[in-house]
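Only one structure is covered here, and it is reproduced in the block below.
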Amino acid sequence: MQARQLENELDLKLVSFSKLCTSYSSSRDGRRGDTSDTTPLLNNSTQDRMFDTMSVEIEQLLAKLTAVNDKMAEYTNAPGAAALNAALMHTLQRHRDILQDYTHEFHKTKGNFLAIREREDLLGSVRKDIETYKSGSGVNNRRTELFLKEHEHLRNSDRLMDDTISIAMATKENITFQRGMLKSIQSKVNTLANRFPAINNLIQRINLRKRRDSLILGAVIGVCTILLLLYAFH
């Protein structure tokens, strides 16, 4: 039967058509991830030509199958086919469903292919523009890199200065705190000395003895120094 033969041809064509679209997408994905110089067996231009050829062939087969179904519909409505009308209508409906499924599958696969090709063409154009910009502005890129490095050095210097200032502020606060503690201790000692005169006298004697010892030690050092100088220049 002619309808069955056309359906078998359409089925084979649609399977090949689907494989072509899948291989097209895979080759595009592989080319994006591969930085080597290897080239697929089928390049994009060959796949595009095969796509156009197979699209035309499938559309022609769909048109032929539609015409056959229309002839079958005319035959079922012809006089004398009333006795076999139910069986013929069932057969005609089944062929119409198959035609509808094939048509839907073809348009879906074709739409996916066109969407992938349009997307990849757009991405390829963008990548080409980026590569052109990079190759045409190498000096500017180098200058930009130098500016970025200098900016990073300045940021590191600012960060180091901030750390140094923080350490200095912490040291100042610590010294101020220790100074306050020493003043507090001195104040307590003075208060205690004023409260107990004996202790105050003892502290004064200690201070006088320290001064006397300092004077004696200074005098001895001075005499020894003079004697050494006289001996050296004699």
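Any read-out appearing in this document is the output of simple, stated calculations on the displayed coordinates, not a laboratory observation. Quantities reported herein were computed from a predicted structural model and do not represent experimental measurements. Quick reminder, even Gly has a Cβ in these numbers, built from the backbone with ideal geometry, and neighbours come from all protein chains shown.
How charged is the neighbourhood of Leu217? Take every other residue with its Cβ under 13 Å from the Cβ of Leu217, and add Lys/Arg as +1 and Asp/Glu as -1. Surrounding charge for Leu217 is +3.
Shown in residue order for the range 147-159 are the 3J(HN,Hα) couplings computed by the Karplus curve 6.51 cos²θ - 1.76 cosθ + 1.60 at θ = phi - 60°: 4, 5, 5, 5, 4, 5, 4, 5, 5, 5, 5, 4, 5 Hz (x for Gly and Pro). In order along the range 161-168, the phi-based Karplus estimate (6.51 cos²θ - 1.76 cosθ + 1.60, θ = phi - 60°) of 3J(HN,Hα) comes to 5, 4, 5, 4, 5, 5, 5, 4 Hz; Gly and Pro are listed as x.
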